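Just so it is clear, none of the values below were taken in a lab; they were calculated from the coordinates. For clarity, every value in this text was computed on a predicted model and none was experimentally measured. Neighbour counts run over all protein chains shown; Cβ positions are idealised from the backbone, glycine included.
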Ligand code: 4HQ
């Protein structure tokens, strides 16, 4: 997969490809991340990317010409891409959206600054994505968040089992995790995890996932489709409840 990011702060965005599993994916050739400096697509001496808004009002607007020149350049060098604008008006990023984006061969993310971008740039835009209902100073952080969430769904970037176990994958939150030591400050690792009984461990983890999701995110719990293990886990949970009540 190839991801292009268009920004006036390339050094800020570059770090997204320099750490952890994303850096490994880039190294292994699973993922190409190209970062484009919008100012490289200006033609004037001062590389101006903003201008005053028609109609007046506060702040500045990103000029259309550098974007027009960028897309001309991109299309003739890399071909067609799915173009995303980061915007509070967009559809909200979640795992489902991230998975959908991961299926694209090429995406380009435009990072806005100032009050916004000249509306005529929208002719290049296929999708608007928001990372949440708060106002940021620019689209760079949303672009990095999108790259991170999308990368995890590119086959080979993280272990498939790991993706399936993660929070939200099947509308449940992740179960608790433990590592050594077996005891710290009087707190022991749950016995079942040391038992070596994989069926019991799987059941315990699912029970913990169900419990946590019910209590912390009832909204996503209500959307969950229950499978056989869920049913077993819920019955076991209720058994424990009844036992404790007696
Ligand atoms: N922006 N999710 C870029 C956001 C935002 C968000 C405000 C986008 C500023 C220039 N983008 N403009 N939230 O707050 O994606």
Contour minus Cα-Cα distance for residue 183 and residue 222 (0.36 nm per residue)
10.5 nm
How far is helix 64-78 tilted, in degrees, relative to the longest principal axis of the Cα atoms in the chain, given as a value from 0 to 90 rounded to the nearest 10?
70
Helix 228-245 against the longest principal axis of the chain: what's the angle in degrees, Cα atoms only, rounded to the nearest 10?
60
Estimated FRET transfer efficiency (residue 46, residue 99; beta-carbon r; R0 45 Å; 0.05):
0.60
Between 155, 190, 181, find the one with the highest GNM mean-square fluctuation for the chain; connect C-alpha pairs within less than 10 Å.
181
Taking 7 Å along the Cα-to-C-beta vector as the label spot, tell me the residue 167-residue 239 distance in nanometres, rounded to one decimal.
3.0
So if I restrict to the alpha-carbon atoms in the chain, what is the Rg, and what is Dmax, the biggest pairwise distance, in Å?
23.4, 81
Can you tell me, using C-alpha contacts under 8 Å and at least 6 residues apart, the relative contact order of segment 60-126 as a whole percent?
57
For the chain, modelled as a GNM with alpha-carbon contacts under 10 angstrom, which of 54, 178, 114 fluctuates the most?
178
Find the centroid of the Cα atoms in segment 55-112 and in segment 171-242, then give the distance between the two in whole Å.
40
What is the diffusion coefficient of segment 25-68 in µm²/s, taking the Kirkwood radius over Cα pairs and the Stokes-Einstein relation at 37 °C with a viscosity of 0.692 mPa s?
254
With a ≥ b ≥ c from the Cα gyration tensor eigenvalues, square-rooted, and the rule rounded for a/c under 1.5, otherwise prolate when a/b > b/c and oblate otherwise, segment 76-134 is oblate
On a 0 to 90° scale, report how tilted helix 140-151 is relative to the longest principal axis of the chain, with both axes built from alpha carbons and the result rounded to the nearest 10.
50
What number do you get for segment 31-165 when its Cα radius of gyration is normalised by 2.2 N^0.38 Å, N = residues?
1.13
